1. Within the range 153-170, count every residue that is closer than 23 Å to residue 51 by Cβ and either surrounded by 14 or more Cβ atoms within 10 Å (Cβ to Cβ) or within 16 Å of the ligand (Cβ to nearest atom) (or both).
2. Restricting the search to the range 69-81, which residues are in contact with a strand residue (DSSP E or B) (Cβ under 8 Å, 6 or more places away or on another chain) and either in contact (Cβ under 8 Å) with a residue 60 or more places away in the chain or over 11 Å from residue 117 (Cα atoms) (or both)?
3. Could you list, in sequence order, the residues of the range 265-286 that are surrounded by 16 or more Cβ atoms within 10 Å (Cβ to Cβ) and either touching a residue at least 40 places away in the same chain (Cβ under 8 Å) or within 47 Å of the chain's Cα centre (by Cα) (or both)?
4. Would a scan of the range 116-124 turn up a residue that is more than 15 Å from the ligand (Cβ to nearest atom) and either assigned by TED's automatic domain parsing to the domain that holds residue 254 or free of Cβ contacts under 8 Å to residues at least 60 places away in the same chain (or both)?
5. Looking at residue 244 and the list (1) at pLDDT 90 or above; (2) surrounded by 15 or more Cβ atoms within 10 Å (Cβ to Cβ); (3) within 29 Å of the chain's Cα centre (by Cα), which single condition is not satisfied?
6. Look through the range 60-86, keep the residues that are within 16 Å of the ligand (Cβ to nearest atom) and farther than 28 Å from residue 109 by Cα, and return whichever of them is surrounded by the most Cβ atoms within 10 Å (Cβ to Cβ).
7. If I filter the range 139-152 for residues that are more than 16 Å from the ligand (Cβ to nearest atom), touching a residue at least 60 places away in the same chain (Cβ under 8 Å), more than 29 Å from residue 291 (Cα to Cα) and touching a strand residue (DSSP E or B) at 6+ places or on another chain (Cβ under 9 Å), do I get at least one hit?
Ligand SMILES: [Cu+2]
């Protein structure tokens, strides 16, 4: 009976011990050979936390001459972490056969290391340490809807949903979406919705550590594209009045007409003032619709006033 109780206690103790011993320690390995100018191999990145440093300078790593090297962490040059004092001297004929280990704790940042043997001054390098520990933060996900819109904000003919996800910890593993509550689908490219009507596109992302971001949603309406009111559009890249390039982008205003089409500088006007009033009116409508800013309007109307159209 006592033995059974002791046995049970032992089992409990072993179970409790498992989580800490299950943490896999990071091992970083440097090797050296006959070169006096560079290490044969070295890590470029690591994560913060307890780390086993291995420095091997032996026949196995290519040292055929018995040349000694050190792996020495820089503790003085500005711009680097200075919290690890490491200075391992190794050569193929030392008591360890040239293979040495040390236990250190790395913190986020950059470390610089070098070989301290005289004449080996270019044998240097650095590595970056990222935040360690378990990733418990889900990815950040967002979506943007794009497409040609009418004055009410409806998408003409189709809407395109572009989802992006980032994860600072373990990285993004999967991004998924569904349209109007349909099955979740792996997101690989922007999603084009052509079916007319109101839609909801849901999206979510999961990181490598298994954290899933709460589902989010964008909603929009796709309507029949209207007839092209301006079939022979002036599609110059910017708004041009007479000889003057205003620099304002000559966008499609939503019905197939560009801003240059609406300004219509080749039409007949009673006089110059009539042309300027016409420009002021069409551009004001575009400002109200959110197509142009008030500043754009100023630039365009002043260019119209300076032009000789209508004279
Ligand atoms: Cu060296």
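1. Of the residues in that region, 2 qualify.
2. 73, 74, 77, 79, 80, 81
3. 265, 269, 276, 278, 279, 282, 283, 286
4. no
5. Result: residue 244 passes all but (3).
6. Checked the range 60-86; the qualifying residue surrounded by the most Cβ atoms within 10 Å (Cβ to Cβ) is 63.
7. yes
The values are calculated or read from the model by the stated rules, or taken from the named source; none is laboratory data. All values reported here derive from a predicted model rather than from experimental measurement. Backbone-built Cβ (ideal geometry, glycine too); neighbour counts: all protein chains shown.
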